[in-house]
Structure formats: structure tokens, C-alpha cells
1. What ranking do 29-39, 60-70 get when scored by the average of other Cβ atoms within 10 Å per residue, highest first?
2. Before anything else, pin down the relative contact order of the chain: Cα pairs under 8 Å, at least 6 apart, normalised by residue count, whole percent.
3. Relative to the Cα centre, what is the charge dipole magnitude of the chain, using +1 at the beta carbon of each Lys and Arg, -1 at the beta carbon of each Asp and Glu, and rounding to the nearest 20 debye?
4. What translational diffusion coefficient, in µm²/s and rounded to a whole number, does the Stokes-Einstein relation yield for segment 56-106 at 20 °C and a viscosity of 1.002 mPa s, taking the hydrodynamic radius as the Kirkwood radius over Cα pairs?
5. Which sequence of 57, 104 reflects their accessible areas, 1.4 Å probe, from the largest down?
6. Tell me, how many Å apart are the Cα centres for segment 26-81 and for segment 103-123?
7. Taking the alpha-carbon set of segment 78-123, what are its Rg and Dmax in Å?
8. Please identify the longest segment of the chain free of exposed GluC sites (Glu not before Pro), where exposed means a DSSP state other than H, G, I, E or B and no more than 10 other Cβ atoms within 10 Å.
Amino acid sequence: QVQLVESGGGLVQVGGSLRLSCATSGLPFNNYNMGWFRQAPGKEREFVAAIRWSSESTYYSASVKGRFTISRDNAKSTLYLQMNSMKPEDTTVYYCAAGRGPSSTRVSEYIYWGQGTQVTVSS
């Protein structure tokens, strides 16, 4: 049974930092591209960041580039998202996902999803 479990969400002030983790089990983590997405109520799920299975490439949305860093530890089957210089518009639920596909930025390319973790940035 494949499981993706996010943690590290919470409340942070504007300009602060949070580190999200996504612990996985039941899948060959090394063989999957991993991504972070976020979704606000009533809106579509949007791409945040992705990292290829070999870690040779990372991708970021324009809204987080330069502030967020995605990384992975294949030995621990865990994905991370370091979020710095946070803004109120970063407030929403964050999801990690595992998949295989050429772009790594499309929701449709991801097969497995976590349950999400809430991030709230207060001003």
C-alpha cells in the first residue's frame, strides 16, 4: 500500500520559514518524480515545485522561485520543501505527490498523493 504523509505545516509570520516533509512508503521512491502542489478552497490544484527521480532537475512555479527549495533524500524515501520569505498568498493546503511524466509540473502526471498539510502565513 502506497502512502505519502506530509508534515511540517503550521502558522508562520510574513517573511518567516517553514520546512515541509513528505514521508513515503510502499513505492520505489528512487524511481518516481516528486512534486509539491497547493490548493486553496474553490480553486484548482496548482503546481509549486518538482524534482526528478535522479535529482538532476528541479522545477518551480514563478510565484515561489527564489523563495522555495525542493529536495529529496532517496535513502529515507522523503521529500522536502523549504519555504523562505513567506507571503500571505502562500496560505493554503500543500500536497506532495509521486508520479512519472515528462514535464513533472502537471497534476495529471502524478499518481499518488498525500492528504495535505495546512500552511498559514499571518501578516
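The values are calculated or read from the model by the stated rules, or taken from the named source; none is laboratory data. Please read these numbers as outputs of a predicted model, since none were measured by experiment. Counting neighbours? That spans all protein chains shown, and the Cβs are built from the backbone with ideal geometry, glycine included. Areas reflect the complete protein model, heavy atoms only, side chains present, ligands, DNA and RNA absent. Shrake-Rupley method; radii C 1.70, N 1.55, O 1.52, S 1.80 Å.
1. For the peptides 29-39, 60-70, the packing ranking is 29-39, 60-70.
2. 35
3. Dipole of the chain, to the nearest 20 debye: 100 debye.
4. So the translational diffusion coefficient is about 170 µm²/s.
5. Working: 57 35, 104 0 Å².
Of 57, 104, the descending order of accessible area is 57, 104.
6. 8
7. Both quantities, over Cα of segment 78-123: 12.7, 38 Å.
8. That would be 57-123.
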